[in-house]
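Q: Dumping the structure here so I can ask a few things about it.
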Amino acid sequence: MAASSAMASESIVILQYHHVSDKTPKVTSVTPETFRKHMGYLHDNGFNVISLSEAVTALRNKQDIPEKTVTITFDDAYLNIYENAFPILKKYNYPFTLFTATVPVDKRYKKFLSWGQINEMANAGATIANHTLEHGHSVEKLPGETKQQWLTRFQKDLEATETRIKEKTGQSVKMFAWTFGETTPELRGLLDDLGYVGFGQQSGAASIYSDFTRLPRFPMAGIYGVNDFGIKVKSKALPVTVQTPESSIITKENLKPELKLTLAAGDYQKKQVKCYATGQGELEVIWLDDEKTQFKTQAKSPLPAGRSRYNCTAPSNSGKVYYWYSHAWLRLTDDGKALN
């Protein structure tokens, strides 16, 4: 899972949506009107919208990628994707990926898609991918569960979901979206061993430097689905070649975790690198060498239970686009639970 040492030349922005509705929680939703504006912006500004499989292949093979390349994903298989997003996507003939938790679909839960609707979208070019059976917290261990039992349970869930998707749609692309964006090095290692590509919920563009077990996606929901859309879809990946630590998990002994990043050369202003923490604003950036290839940053106050992020950005030399990198942190509760 080490980052590539080859020079990165291009980036791909992966957009992540959940609900497309004005009747669902704002924290996981964009309105149909906002979604319509997003897709219209991509069309009117000449964006290259490709499938997620094409994006992964291009990054893995270090292919030349056109400027302003974007791919579109949805998590959880909500009915409003079919009702409100699908007609707009068909209008522009945009491919998209639907990360599907299969149990809610099998049990016909209210507000979830049916397999018939999923197959209608698949026949129109959608990719159907893995999002676990029931959308639980994969990072949580059961009481008394050993590490190996936990990993075995995760593998069985992953493989059962992939089998069900193939049974119902004929697709098996071995792409997996981490529920809640939560993961650990052990889970990522297993995912990699099983031949899957993983996708997180930390913001930023994806590049050849990215970890293919947790490729970044820009969450589109709430204020993040409205503000700065044009800046985000034009952004590029800050070329991080080494990150310390690899883990997202923080402990009670380390509630203000330090993040250390090593950067490759690129078209970005090193003097303008800035980092921010969830709820804490701008953090101090400390360069560790005269050439400004490595720096560290750290929260000013303890991170709370639940999910937090450090976002680091820098403008391009022209000032026209931003380079972006995000690291997700997860603090479990005292009894080892992840918060919804």
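The values are calculated or read from the model by the stated rules, or taken from the named source; none is laboratory data. Worth saying up front: this structure is predicted, and the values here are computed from it rather than measured. No Cβ is skipped: glycine too gets one built from the backbone with ideal geometry, and neighbour counts run over all protein chains shown.
Q: Given the criterion closer than 29 Å to residue 137 by Cβ and either outside the structural domain of residue 136 (by TED's automatic domain parsing) or in contact with a helix residue (DSSP H, G or I) (Cβ under 7 Å, 6 or more places away or on another chain) (or both), identify the matching residue among 92, 82, 78.
A: 82
Q: So, in the stretch 195-220, how many residues would count as being assigned to a strand (DSSP E or B) and aromatic (Phe, Trp, Tyr)?
A: 2
Q: Still on this structure, I have one more. Which condition number in (1) of a type outside the set (Val, Ile, Thr); (2) touching a residue at least 40 places away in the same chain (Cβ under 8 Å); (3) touching a helix residue (DSSP H, G or I) at 6+ places or on another chain (Cβ under 9 Å); (4) more than 21 Å from residue 332 (Cα to Cα) is the one that residue 200 fails?
A: Failing condition for residue 200: (4).
Q: For the stretch 30-54, which positions are under 16 Å from the mean Cα position of the chain (by Cα) and crowded, with 21+ Cβ neighbours inside 10 Å?
A: Passing the criteria: only 52.
Q: Could you check, for the stretch 221-238, whether at least one of its residues is in a helix (DSSP H, G or I) and among the aromatic types (Phe, Trp, Tyr)?
A: Yes; the residues of the stretch 221-238 include at least one that is in a helix (DSSP H, G or I) and among the aromatic types (Phe, Trp, Tyr).
Q: Here is a follow-up. Assess whether residue 256 counts as being at pLDDT 95 or above, assigned to a loop (DSSP other than H, G, I, E, B) and basic (Lys, Arg).
A: It is true that residue 256 is at pLDDT 95 or above, assigned to a loop (DSSP other than H, G, I, E, B) and basic (Lys, Arg).
Q: State all residues of the stretch 250-269 that are more than 29 Å from residue 140 (Cβ to Cβ) and surrounded by fewer than 16 Cβ atoms within 10 Å (Cβ to Cβ); if no residue qualifies, say none.
A: Scanning the stretch 250-269 gives 265, 267, 269.
Q: Still on this structure, please answer the following. Being crowded, with 18+ Cβ neighbours inside 10 Å and assigned to a helix (DSSP H, G or I) is the filter here; which residues of the stretch 123-149 pass it?
A: Answer for the stretch 123-149, where residues must be crowded, with 18+ Cβ neighbours inside 10 Å and assigned to a helix (DSSP H, G or I): there is none.
Q: While we're looking at this one, here's another question. Give 176, 180 a once-over and let me know the one that is part of a strand (DSSP E or B), at pLDDT 95 or above and either surrounded by 24 or more Cβ atoms within 10 Å (Cβ to Cβ) or of a type outside the set (D, E, K, R) (or both).
A: 176
Q: Any residue at all in the stretch 167-186 that's more than 19 Å from residue 118 (Cβ to Cβ) and aromatic (Phe, Trp, Tyr)?
A: yes
Q: If you check 70, 103, which single one turns out to be assigned to a strand (DSSP E or B) and either of a type in the set (Val, Ile, Thr) or modelled with pLDDT of 95 or more (or both)?
A: Testing whether each residue is assigned to a strand (DSSP E or B) and either of a type in the set (Val, Ile, Thr) or modelled with pLDDT of 95 or more (or both) leaves just 70.
Q: Can you tell me which residue among 204, 230, 144, 195 is of a type in the set (Gly, Ala, Ser), in contact with a strand residue (DSSP E or B) (Cβ under 9 Å, 6 or more places away or on another chain) and in the same structural domain as residue 124 (by TED's automatic domain parsing)?
A: Among 204, 230, 144, 195, only 204 is of a type in the set (Gly, Ala, Ser), in contact with a strand residue (DSSP E or B) (Cβ under 9 Å, 6 or more places away or on another chain) and in the same structural domain as residue 124 (by TED's automatic domain parsing).
Q: Residues of the stretch 287-306 being of a type in the set (A, V, I, L, M) and under 27 Å from residue 267 (Cβ atoms), which ones?
A: 288
Q: Continuing with the same structure: Among residues belonging to the stretch 280-334 that are assigned to a strand (DSSP E or B) and among the β-branched types (Val, Ile, Thr), point out the one that is nearest to residue 211 (Cα to Cα).
A: 313
Q: Checking residue 154 against (1) closer than 30 Å to residue 239 by Cα; (2) in a helix (DSSP H, G or I), which single condition isn't satisfied?
A: Failed condition: (1).
Q: Being aliphatic (A, V, I, L, M), modelled with pLDDT of 95 or more and in contact with a helix residue (DSSP H, G or I) (Cβ under 7 Å, 6 or more places away or on another chain) is true for just one of 151, 158, 215, 191. Which residue is that?
A: Exactly one residue qualifies, and that residue is 151.
Q: Can you tell me which residues in the stretch 295-319 are more than 24 Å from the chain's Cα centre (by Cα) and either on the phi < 0 side of the Ramachandran plot or outside the structural domain of residue 258 (by TED's automatic domain parsing) (or both)?
A: 300, 301, 302, 317, 318
Q: Going by the structure shown, is residue 308 out of contact with any helix residue (DSSP H, G or I) (no Cβ under 6 Å at 6 or more places or on another chain) and in contact (Cβ under 8 Å) with a residue 40 or more places away in the chain?
A: In short, no.
Q: Report yes if residue 229 is under 15 Å from the mean Cα position of the chain (by Cα) and of a type in the set (Phe, Trp, Tyr), otherwise no.
A: So residue 229 fails the test.
Q: Mind telling me which of the residues 314, 277, 299, 237 ends up being touching a helix residue (DSSP H, G or I) at 6+ places or on another chain (Cβ under 7 Å) and modelled with pLDDT of 95 or more?
A: Just one listed residue meets the conditions, 314.
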